[in-house]
Structure formats: structure tokens, C-alpha cells
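Only one structure is covered here, and it is reproduced in the block below.
The values are calculated or read from the model by the stated rules, or taken from the named source; none is laboratory data. Keep in mind it's a predicted model, so treat the numbers as computed, not measured. As a convention, Cβ positions derive from the backbone with ideal geometry for all residues, glycine included, and neighbour counts pool all protein chains shown. Surface accessibility is based on the protein's heavy atoms, side chains included, excluding ligands, DNA and RNA. Shrake-Rupley method; radii C 1.70, N 1.55, O 1.52, S 1.80 Å.
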Amino acid sequence: MGDFSILFQHLANGISLGSLYALIAIGYTMVYGILRLINFAHGDIFMLGVYITFYGILYTPIPWWLVFLIAPTITGFIGLLLEKIAYKPLREAPRTTILISAIGASFFLQNLGIVIFGGRPRAFPVPRILNRVIKLGGVSINVVAFIIPTVTVLLLVGLNYFINKTKTGMAMRALAKDYETASLMGIDVNKIISITFFLGSFLAAVGGIMWGARYPQLMPLMGTMPGLKSFIAAVIGGIGNITGAVIGGFILGLGEIMLVALLPRLTGYRDAFAFVLLIIILLVKPSGIMGDKITEKV
Amino acid sequence: MKSKGKPSVILVVLLILTIVGLFLASKFLDSYKIRIITLSGIYVTLGLSMNLINGFTGMFSLGHAGFMAIGAYTVGILTMPISMKEMNFFMQPIVPCLANVEWGFLPALLAAGIVAGLAGFLIGAPVLRLTDDYLAIATLGFAEIIRVVFTNTQSLTNGALGLKGIPNYTNIWWSWGVAFVTIWFMAFLIRGSYGKAFLAIKEDEVAARSMGINLFKHKVMSFSFGSFFAGVAGGLLAALLGTIDPNMFRITLTFNILLIVVLGGLGNIGGTVVSAVVVTVMMEALRFLDESINLGFIQLKGIPGMRMVVFSMILILVVLIKREGLPGKTKRV
């Protein structure tokens, strides 16, 4: 019985971590699908989302639930702005160039974070409603562990509707399928790319808020690791594919938690797990679980 | 056709001038400035080694910090006096086969390069089949794995505690000596048939392959050589600082080198040398930004961040302005 409750606890942890990876991974995968760009700064956008929420709750009279809506919106606009400044001028440039710009943007945001927010870790103000522990048949679980997967599923359903049922969503899919042809068909490329960045950053910020509720320690460099790992999740699932990103996120989240749970001796290697998984996937099936076959264009 | 004699005369004159300059610097400057000059030499080697991979061969590797870590730890473990090792490894004794070794600096540096180069070969062989961005993320991943492994192998690397008391062998002559050897080697390599093959791969992989260039062999070679020099530079850095720990070798370090390579021009030896010196000196000169006391409206006391904000802005601006000037492969047609 004891074993079962512990296993259940691990599962709950793994699922909520996986949901967070999935939310961040969607941003990577959508941008990659359209622009073929690893948005290195995505993890730092996630960090900004958490900090904006932090300041919103502590320094404005706005109620916390409203901050939880406003902060991702602001973050979404920052993501949109980032694209306009650092990526848009380079859209026709070689891919390496835009990748370097992305790395530069990532470091810029991190260090700007250190300058503005300070390098000292901060405690995320978790609203009391979310910060409760409930007992469930002998297993005590934080409410957040339930909220995270629920919110994630809701957002995914919404996103799925948006992408598959609306005109804008159709334009996004068309751009991802064939950029040149789609842009010849009268699709407003700039608008669609802006929307993509907005959505990706919005979701990352929502993920960030829940991350803060789960692991309430804020640092300007906190986005790097979740960012890299979520990208890996996107690659595992097949980059460019949203369902794949979610699957990859869950595989990674559950895998990490289970690694530590089942093989405690490897706890120190937890951060390496994702990268090992990445390299295996790249060697075995570079297109990922759900990805299309990548053809080399001449 | 260019006459063969002329450029080499200029180079010899430059070389002599630099040596005289270094000599004068080591005689008349204070130890802080000498240290910066020494550091510049190390960054020249680092910049060139990354330029070989990213600039000349057109791959996009972000694994430099990992190879530097390998080199730094090799030198640290091999050169550290036996008594010092006992003091360092108090949590867990060092593996017996390394406990009683104390090598000279030159063999240790060579070992650092060889171990890093071998690691580059082993890592490169499977990963170099990937293209730009996948390669970038895979090599970044390897650098992270190396860091995590070094943090956990207590009896080999002393884990998170790091190594202290590595003999300070590195001086201005070692660092610039290695830098000159690297410059010479790169120039030699690029002028030869291998260099032609590297450039061909950068310009167009498919065309290069159909001209009979063995893509895999040349990519792995370029990657291994680059790793070799990164390892040597890592070793120099370890012996300059005297103290190393796994967290030094984060992606930030790779970022600095990338900045040097981009500023100097991908695939440009002379430019890389100049930008390595300029960036190193600026890193020090702009240190005041981090310690900036009061700007009236904002208080930034001892915040390490402003300096890197400036540097990342420079990187983005250079990329935005140079745009097409930066060589790369896949263009949208």
C-alpha cells in the first residue's frame, strides 16, 4: 500500500512537470514549424512571464487571478516584440545568422533580468488557495499538482480548436507546410508570425506561473534549463508538431521524475537525462515520434 | 597571382612586433594588465578553434565549454602536486591511478588537447550527421552532459567542490605561444587541401559531396581539431586561474567565444585574433558597469549583468547589421 501511494505521488509529480514542459514546448514547436528557427530566447520569455506575475501580485493592487491573465498577455506582447526586433530583419538571412541572433537575444534577456530584477533568488507569492495540501486516500498532494494538468489540458483544447478550426489557424498550418507557396497565396506572413510568437509566449508565461506555484524560487536564469528541456521535448515529439510537443513533454517530465524515484543513485544526473534522451532520439529517429520525414532540399 | 614573399614578410614583422610588445608588457605593466593580456592569448586560441568548426566548416557547434572543461580538468588533475590532491579530495579519495601522478605543464597541456580531441571525435562521429540547429542543440547538450558528469564523479573530478591549488604555470608566454601555434596551424590547415574541402562543405554540402569530398571525414576532422585546441585552451585557463569547478563551464563561456567569432568574422583568422583581444580587454574594461553605483534613477550595486547586456546587444547588432556578410548555408530560395 505504501509503495502504491508513493508511486502515485511520483506519477502526479511527473504529470505536472510534464504538463509544464509541454506548455513551453508548444512555443518552440510552433515557431520552428513556421520559421525553422530554434527560438533560444523562449526559455527567457518564460522567465519574464514569472517575474511579471511576481511584480503584478506584490506591487499592484490587481487581484492575483487577474494578474494570472494579464501577465501572460504582456509576456505574449514581449515575445511578439522580440520577433520584430531580433528575428524579422533576418528572415531572409542564412539560418546560422538568425540562430546567433536568437542566442544573443537569450543572453540579453537573461542579463537584463539580472539587472532589473537582481540576481538574488526571490520567493514566488503563491496564492493561498493554490497552496494547499489535500489528502487523497493516504496520499497527500498539493492542489497545484492537479491544477497544472487541468489548465494544460484546457489550453491544449483551446489551442487545438484555434489551429484546426479558425482561419488564422489554417494560415499557420499552411505556412508551416510550405512557407513560399503559402506566402504567395495572400497570407499576411508578418501577422501570422506575430500571432505565433504571441501565442507561444503566452503559453510559456502560463507555464511559468504554474512553475512558480510549483517551485516557488525565482531567478533570472531560471528559464535556461526548462527552456532547453522543453525544446528537447519538442524534438522528441517531432518538432513542428503540437501533439508531438505535448507527448514529448510528458515523456520527459515523467521520465525525469521516475529516474530519480526508481534509481536514486542517479539523482545527480537528472539534468543530463533530457540531453541523453535528445541524442538518442536524434540518432535513432531525428524527425521525432510524430514528425514527418525530413527531406533534404537541394 | 599574389607573390608568395610579401604577405609572409608582413606576418614576420607582425610576429616580431607582437613578441617585442609582449616582452615590454611583461616587463613594465602591472600584474593585472599582464593577466588580461594572458587571458587574451587564451581567447585567441579559443576563438580560432571555434572558428575552425563554425566558421570554416560551417557547422554550428555550441559545445566549446564542454571541451574546455575536459582540457581544464585534465591539466588540473595531471599537474596538481600529490600533497595538494590529498587536500582537495577529502570527500572521497581520488582514483588510485591518478593519485600519484604529477606531470610537467607541456605534456599535461598536450594530454588536455588529446583527451578533448578524442572526446570531440567520439561525440562528433555520431552527431555530425545532423544539420545546423540540431547540431547546435546536440553539442550544447553534450557540453551540459559533461558538466553534469563532472559534478557527479567525485573521485575523479572532486565533484561540485572543484579543484583548488592547480599550479599557476600559465603566463604570457605560454598563452601567446599556444596562440601563435594555433594561428600557424589554422593558416596551414586552411591553405591546404583540407581547408579547401572545409570551405567547400560550408558553401554547399551537396555540391561538395558530388565533387568527391568525404563529408563525414572532413567534418569529424574539423570538429576534432577544434576540440583539441579548445581543450588546450581550457588547460591554459585552469593553470591561469588555479581553481576550477564544473559550473565555470556553462554555456555563458561558449557565448563569449561565439561573440568573438561573430565579431571577428566567421572564417577569418586575422579578424578572430583581433576580436579575441578586443573582447577580452572590453570584458575587463566594462567591468565598471557591473559595479556601477548609482545612476540616479536606478541602483545597480555590484550587479553582474549590465556588462553582459551590453555584450549581447553588441552581438545582436552585429548580426543585424552584417546580415548577409555572415556566411552560412541554407538560404531560402
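Quick notes on this structure:
- Criterion (at pLDDT 85 or above, more than 12 Å from chain A (Cβ to nearest Cβ), surrounded by fewer than 24 Cβ atoms within 10 Å (Cβ to Cβ) and more than 16 Å from the chain's Cα centre (by Cα)) met by exactly one of B:I172, B:I183: B:I172
- Yes/no for A:M30 being under 24 Å from A:V144 (Cα atoms) and in a helix (DSSP H, G or I): no
- Subset of region A:78-108 [more than 13 Å from chain B (Cβ to nearest Cβ) and loosely packed, with under 15 Cβ neighbours inside 10 Å]: A:L81
- A:G244 vs. criteria out of contact with any strand residue (DSSP E or B) (no Cβ under 7 Å at 6 or more places or on another chain) and within 14 Å of chain B (Cβ to nearest Cβ): no
- Residue within region B:72-81 that is within 14 Å of chain A (Cβ to nearest Cβ) and surrounded by 24 or more Cβ atoms within 10 Å (Cβ to Cβ) present: no
- Close Cβ contacts (under 6 Å, 6 or more residues apart or on different chains) running from residues in region A:7-20 that are more than 13 Å from A:A213 (Cα to Cα) to residues that are aromatic (F, W, Y) and crowded, with 16+ Cβ neighbours inside 10 Å comprise A:G18/A:F250.
- Of the criteria (1) assigned to a loop (DSSP other than H, G, I, E, B); (2) away from chain A (no Cβ under 14 Å), which one B:I114 fails: (1)
- Checking each residue in region A:253-272 for being of a type in the set (A, V, I, L, M, F, W, C), open to solvent by 50 Å² or more (accessible area, probe 1.4 Å) and facing chain B (nearest Cβ under 10 Å) picks out only A:L266.
- For region B:115-136, the set of residues classified as open to solvent by less than 50 Å² (accessible area, probe 1.4 Å) and in contact (Cβ under 8 Å) with a residue 60 or more places away in the chain consists of B:A116, B:G117, B:A119, B:G120, B:I123, B:G124, B:A125, B:L128, B:D132, B:D133, B:L135, B:A136, listed by residue number.
- Residue among A:L37, A:L11 that alone is outside any helix (DSSP H, G or I), among the hydrophobic types (A, V, I, L, M, F, W, C) and surrounded by fewer than 24 Cβ atoms within 10 Å (Cβ to Cβ): A:L37
- Unmet criterion (only one of (1) open to solvent by less than 20 Å² (accessible area, probe 1.4 Å); (2) among the small types (G, A, S); (3) touching a Gly at 6+ places or on another chain (Cβ under 7 Å)) for A:A176: (1)
- If the condition is being among the β-branched types (V, I, T), free of Cβ contacts under 8 Å to residues at least 24 places away in the same chain and either within 13 Å of chain A (Cβ to nearest Cβ) or touching a helix residue (DSSP H, G or I) at 6+ places or on another chain (Cβ under 6 Å) (or both), then region B:257-288 contributes no residue at all.
- Within region A:194-241, the set of residues being in contact with a Pro (Cβ under 7 Å, 6 or more places away or on another chain) and within 26 Å of A:K88 (Cα to Cα) comprises A:F202, A:A205, A:V206.
- Residue in region B:155-166 that is within 14 Å of chain A (Cβ to nearest Cβ), over 25 Å from A:I279 (Cα atoms), assigned to a helix (DSSP H, G or I) and not hydrophobic (A, V, I, L, M, F, W, C) present: yes
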